[in-house]
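The values are calculated or read from the model by the stated rules, or taken from the named source; none is laboratory data. If you're wondering where the values come from, they're calculated on a predicted model, not measured in any experiment. Note that each Cβ is placed from the backbone with ideal geometry, even for glycine, and that neighbours are counted across all protein chains shown.
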Amino acid sequence: MKKKLVFIGNKAAPYQVKLCDALQEYFKAQFWFYEYVGERPEWWKIPLGENSKVMKFSGRFKGKGYYSFGLFWDLIKFKPDIIILGGFMRWHLLILKIIKFFNIKVAIMSEPLRNVKNDREESSELVNKKTCSEKIKFFKAFSDIDLYIGMGELAKNQFIREFDFLKENVVSLPYPQDIEEYYKHPLREKKKGDKFTILHANRLIDRYSPLFTLEVFNRVSKIYPNVELYMNNSGPLKSKCVEYIEENNLKNVKFLDDIDSWNNMHLIYKKSDILVLPCTYSNGNGTILEAHASGMGVVISKQINNIKRSSINEKDCFICDLKEEEFAESILKYINDPKLLILHGINGRKLVECRKNSHVAKLYYETFKKHGLLY
């Protein structure tokens, strides 16, 4: 008989909802969320189906995290064998203290923990023993967890080195990704002289450096005018991006304000040729995997974690220092030798196939089995 598994997480992210459906092969799984969209755009909403839901009587305490007073009644009805807590928060610590009396296996899943910078945006500085002793004490309160899941090796190593969690109880697992539809896109068959479309898919915030992208596009368009740029439409830096476009009289820049649903988002990638991500840090960005699955060219910064298996410099992408001229030169390599788009597209698809939901669901099952959660 399949074990009952429930994941308790923040937002009803579409890729998590779809992973829940894939997990049905191995578990009687449900994913419960505190909110539907939160700060994400409305087109993020997808039907949650019978396996996922937003919990009743849920909310968020400012600076303290989420809560749901309907959660306990849901747990009594569902009677899970395994609970995965999405993140270290005070409410999850309360849940942990209660459910450990009922012989339920508990895992916790988290990205690397970073300090908060401003406007609720994280800094690039990891929480560590030297500078964040009070925070470390809080994380160590989760010592009764059966399995700690770091979303990538950086998180895994932080849990072991900084939080002193037992090495044998800590694993690294990948983010779920909704990339199946991207594999249906054609490879980018181009010739010199054709229009090339650059995509900045990430939000317009400091760490994704949209103004850097605009400067790179400005440099490229002066050498090869037949280019266009698609940019994400959301984020606090949009007004500055608009100012830059107007001041530099940039042509062919379009903000992506016409996405109608999550399930149609992949079409933006289908009509794009080259992804650009000049971020100052990222824990392994989903847009890169989406671009590879779509068969695009990819130009990214060196400040991205957990991409070694899927993004190999000059094999399926270009990985650059955060220098505008280096990003521009890499984009021009694709334009001047369009066969590179085909080569990188083929290689990228091969390297990210393991991130399809069917593969990831099997990996989660095998990991839980290996670590004794399927008693």
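Of note:
- All strands (runs of 3 or more DSSP E) inside the stretch 219-306 with 1 or more residues being among the aliphatic types (A, V, I, L, M), assigned by TED's automatic domain parsing to the domain that holds ASP194 and surrounded by fewer than 18 Cβ atoms within 10 Å (Cβ to Cβ): 253-256
- Residue tally, condition buried (at least 18 other Cβ atoms within 10 Å of the Cβ) and either part of a loop (DSSP other than H, G, I, E, B) or under 18 Å from the mean Cα position of the chain (by Cα) (or both), over the stretch 172-196: 11
- Residue match in the stretch 87-104 (condition: crowded, with 19+ Cβ neighbours inside 10 Å, in a loop (DSSP other than H, G, I, E, B) and within 25 Å of the chain's Cα centre (by Cα)): yes
- Strands (runs of 3 or more DSSP E) lying entirely in the stretch 45-86 (those with 1 or more residues that are surrounded by fewer than 20 Cβ atoms within 10 Å (Cβ to Cβ)): 52-54, 58-61, 65-68
- Of the residues LEU211, LEU199, LEU147, the single one that is at pLDDT 95 or above, hydrophobic (A, V, I, L, M, F, W, C) and surrounded by fewer than 19 Cβ atoms within 10 Å (Cβ to Cβ) is LEU211.
- Take the conditions (1) farther than 30 Å from GLU153 by Cα; (2) touching a helix residue (DSSP H, G or I) at 6+ places or on another chain (Cβ under 6 Å); (3) not aliphatic (A, V, I, L, M); PRO278 misses just one of them, which is (1).
- Checking each residue in the stretch 197-218 for being in a loop (DSSP other than H, G, I, E, B) and at negative phi picks out ALA201, ASN202, ARG203, LEU204, ILE205.
- Close pairs from the stretch 7-30: first without any contact (Cβ under 8 Å) to a residue 40 or more places away in the chain, partner of a type outside the set (A, V, I, L, M, F, W, C) and surrounded by 21 or more Cβ atoms within 10 Å (Cβ to Cβ), Cβ under 6 Å, at least 6 apart: VAL17/SER52; CYS20/SER52
- Test set (1) in the same structural domain as LYS137 (by TED's automatic domain parsing); (2) farther than 30 Å from PHE7 by Cα - SER172 fails condition number: (2)
- Residue under evaluation MET55, criteria (1) within 20 Å of the chain's Cα centre (by Cα); (2) within 23 Å of SER261 (Cα to Cα), criterion not met: (1)
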